[in-house]
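Structure record follows, encoded as structure tokens.
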Amino acid sequence: MENKEVKKSFLSAQVDLSKFNAGNFEKATDDEKRQQDVMGESTTFLKDGLRRLRKNPLAMGSIVVLVAIILVILVAPHIVPYSYDEVITVNGQRDKTMTNLSFMCYSDKELAYMEETGEDLFPHIFGTDGLGRDYFIRVIYGTRVSLAVGIVAAIMVVLIGIVYGSVAGYFGGKVDLIMMRIVDIIYSLPDMLIIILMSVVLKEVLQGKLVGTVLDRLGTNMISMFIVFGLLYWVSMARLIRGQILTIKNNEYVLAAKCIGTSNRKILTSHILPNCLSVIIITTALQIPSAIFTESYLSFLGLGVSIPLSSLGSLANDARAGMQSYPARLVIPAVIICLIVLALNLLGDGLRDAFDTKLD
Amino acid sequence: MAKYITKRILLAIVSIWIITMITFFAMNAIPGGPFNKEKATDPAVIKQLEERYNLDKPLGEQYVIYIKNLLHGDWGVSLKTGRPIWSDMINKFGVSAKLGVRAAIIAIIVGIILGSCAALTRNRLPDRLIIFFTTLGTAMPSFVLATLLLLVFCLWLGWFQVFSSSDPNYTLPVIALSVYPMAYITRLTKTSMLDALNQDYIRTARAKGVSKLKVIFVHGLRNALIPVITYVGPMVAYILVGSMVVENIFTIGGLGSTFVTSISNRDYPTIMAVTIFLAILMVFANLLTDVVYKLVDPRIKLD
């Protein structure tokens, strides 16, 4: 019988074999098989987050700004020959015309001295303040103090928050209940008022007791700020960590670790906490600007770092008296505070978008 | 619900009690008594004075007496002026309240409007502009903003008179105080508005032919505003604390600047009284916020 070709219906879905020949049905070679196995390169959680972060122009811009600021405050004190508490002298003599200089200006005596000796004096980039101190270096040290306060406070908050939150979350039950009631109470205390109150009290109590120690330079106000940060500010961090741990501790791998007899401490530090890392990083990044805010606020009230050390807040406060004649002295620290806080906020937001996959 | 409210009220009372403890014992930790003068006073006189003001009693007993007086409305006497603190405090608080209430109202209204605009024009120019300026607003401490406003609008441009009590012009202080909460409310409203507009009931309302405006303002905004309520408590705290520097900068004689001057004058009874007074205000603002939040949104689980 002749294999008569049936005319194919227009709508038929049947495969038209006449279009193929034997060559199309050969077995795939090993090489070709391997091509099918190609998978995306495996990424870690960190790499994945960093990739997303790198795509965020605002966050990357903030990193650039922050790195630039940190470089300047690290390098500048080695280049500028003045110190933050030094009343500038010319050739060992006090110069009365040295005060309130404008940007990049020299005083008359300095000009005369340079002409006489041919030696180049370092310019006063931001001019000098009312006492004849180089303002640029004061701003540099002010930024150092403000940033350091922010970072130290954030680290303290994170450490206390992690320990407290993980213990409460991991052990649960009565321990959790009692620990969280304490958090509730601390949470409802007005933190700013207590910081101000403690600053006032510690200033009186600690006066004269710290002479000679490193803490003395920083001043009692900063110590009281750290104490209050340590006492009050960790509560929101502890709440966050506890919430995270409550969900993570019910995972199978935690159960598995328990079954093979891993100690509680080991489970917490190597199985549970690494999984809270994103929350910890984000909250820390957002904690630093809030500490800087608090510090500058206190310094502005006159409860900040002790003189002659400066912080951005105290510089702004000092500049207030002469703000009509020397507005730049107010504007410079103000702009730097805004820049740092803005960059840290944007970086924190960027980190949240990049690492917190649950928020979309 | 009743159980939750009782629990929150109890918590608030415990907080206030702890605050009075902290303030009282902290103030007593400061060396030197109120009768220490440069000139040596006769010990017998000091003893009599201490007996008169109960200072010879143990600290615990002194605390009980202080609380008893507080509950009877006796907040002590200012070391600086010698007048009772309570009447001064209430007068000054009136001025601060005028400033604070205006700042709060402006922050809420403008914040909600800007936030809704940003949500409705998502990823377009108005949204980007609003988000840019609110991000800037949250990065600027109130004292920076206040001094810059004073510098630019009072001293350089001369558009506003510097604040005086005879001719009070609250415009600049209110702006300085309201920018941060306003920026915060804007961002909060934007996120919750976007969230609300993606809900099923919005689609249902549109599908059955409700006009777009009505959907946005009745169905969307009403639900979007619930998270904004949670910010009212923190906002009250922010405004109370922020008013300390803002009042100081604009030389407004309110409670905030009184507090700051009492700190520099070491007027301990006043510091104590104002701290406790402000703390009570903040704790109650938080209490009210939490209770109202649960009342308006029954979906929220009561724990």
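The values are calculated or read from the model by the stated rules, or taken from the named source; none is laboratory data. Please read these numbers as outputs of a predicted model, since none were measured by experiment. In this analysis, Cβ positions are derived from the backbone assuming ideal geometry, glycine residues included, and neighbour counts consider all displayed protein chains. For accessibility, only protein heavy atoms count, side chains too; no ligands or nucleic acids. Shrake-Rupley method; radii C 1.70, N 1.55, O 1.52, S 1.80 Å.
To the nearest hundred square angstrom, how large is the accessible surface buried between A and B, total for both chains, probe 1.4 angstrom?
Result for this pair: about 3600 Å² buried.
Restricting things to Cα coordinates, could you compute the convex hull volume per residue of the protein assembly as shown in Å³?
316 Å³
Please report, as a whole percent, how much of the solvent-accessible surface of the protein assembly as shown comes from carbon and sulfur atoms (probe radius 1.4 Å).
Result for the protein assembly as shown: 63 percent of the exposed heavy-atom area is carbon or sulfur.
In cubic angstrom, how much convex hull volume per residue do the alpha carbon atoms of the range B:85-265 span?
138 Å³
What is the Cα radius of gyration of the range A:260-319 over 2.2 N^0.38 Å, N being its residue count?
1.89
For the range B:177-215 and the range B:90-130, write down the distance between their C-alpha centroids in whole Å.
Each part reduced to its Cα centre gives a spacing of 16 Å.
Would you work out the Kirkwood radius for the range A:6-87? I mean one over the mean of 1/r across all pairs of different Cα atoms, in Å.
20.8 Å
Buried by at least 50 Å² relative to the chain on its own: which residues of the range A:298-321 qualify, computing accessible area with a 1.4 Å probe on protein heavy atoms?
The answer is A:Phe300, A:Leu301, A:Arg320 - residues whose exposure falls by at least 50 Å² when every protein chain is included.
Whole-Hz ³J(HN,Hα) for each residue in the range B:261-273, computed from phi via Karplus 6.51 cos²θ - 1.76 cosθ + 1.60 with θ = phi - 60°, x for glycine and proline: what do you get?
5, 5, 5, 6, 7, 6, 8, 4, x, 5, 4, 4, 4
Take the alpha carbon gyration tensor of chain B, find the square roots of its eigenvalues, order them as a ≥ b ≥ c, and report rounded if a/c is under 1.5; if not, report prolate when a/b exceeds b/c, else oblate.
Cα axes put chain B in the oblate bin.
On a full-extension model of 0.36 nm per residue, what is the gain between A:Val15 and A:Ile185, subtracting their alpha-carbon distance, rounded to one decimal in nm?
53.8 nm
Using only DSSP helix segments of four residues or longer, with each worth -39500 (n - 2.57), what per-residue ellipticity at 222 nm results for chain B after dividing by its residue count and rounding to 500?
My calculation for chain B gives -23500 deg cm²/dmol from helical runs alone.
Spelling out what I want: for every residue of the range A:62-72, take phi, set θ = phi - 60°, compute 6.51 cos²θ - 1.76 cosθ + 1.60 (Karplus), and round to whole Hz; glycine and proline get x.
Per-residue couplings from phi come out as 4, 4, 4, 4, 5, 4, 4, 4, 5, 4, 4 Hz.
Normalised by the empirical 2.2 N^0.38 Å for globular proteins, what value does the Cα Rg of the range B:162-269 take?
Normalised Cα radius of gyration, the range B:162-269: 1.59.
Where does the charge balance sit around B:Leu99 when Lys and Arg score +1, Asp and Glu -1, over other residues with C-beta under 13 Å from its C-beta?
Result for the neighbourhood of B:Leu99: +2.
What's the center-to-center distance, using Cα atoms, between the range A:182-207 and the range B:259-277 in Å?
Computed from Cα coordinates, the inter-centre distance equals 14 Å.
Can you put A:Glu41, B:Glu247, A:Glu252 in order of accessible area, largest first, using a 1.4 Å probe?
These residues rank, largest area first, as A:Glu41, A:Glu252, B:Glu247.
Using the structure shown, select from B:Lys47/B:Lys92; B:Lys92/B:Lys190; A:Lys7/A:Lys33; B:Lys47/B:Lys68; B:Lys57/B:Lys80; A:Lys174/B:Lys3 the pairs with a Cα to Cα distance greater than 26 angstrom.
Pairs exceeding the cut-off: B:Lys47/B:Lys92; B:Lys92/B:Lys190; A:Lys7/A:Lys33.
How big is the accessible area of A:Glu32 in square angstrom, nearest 10, if you roll a 1.4 angstrom probe over the protein chains?
Roll a 1.4 Å probe over it and A:Glu32 shows about 90 Å².
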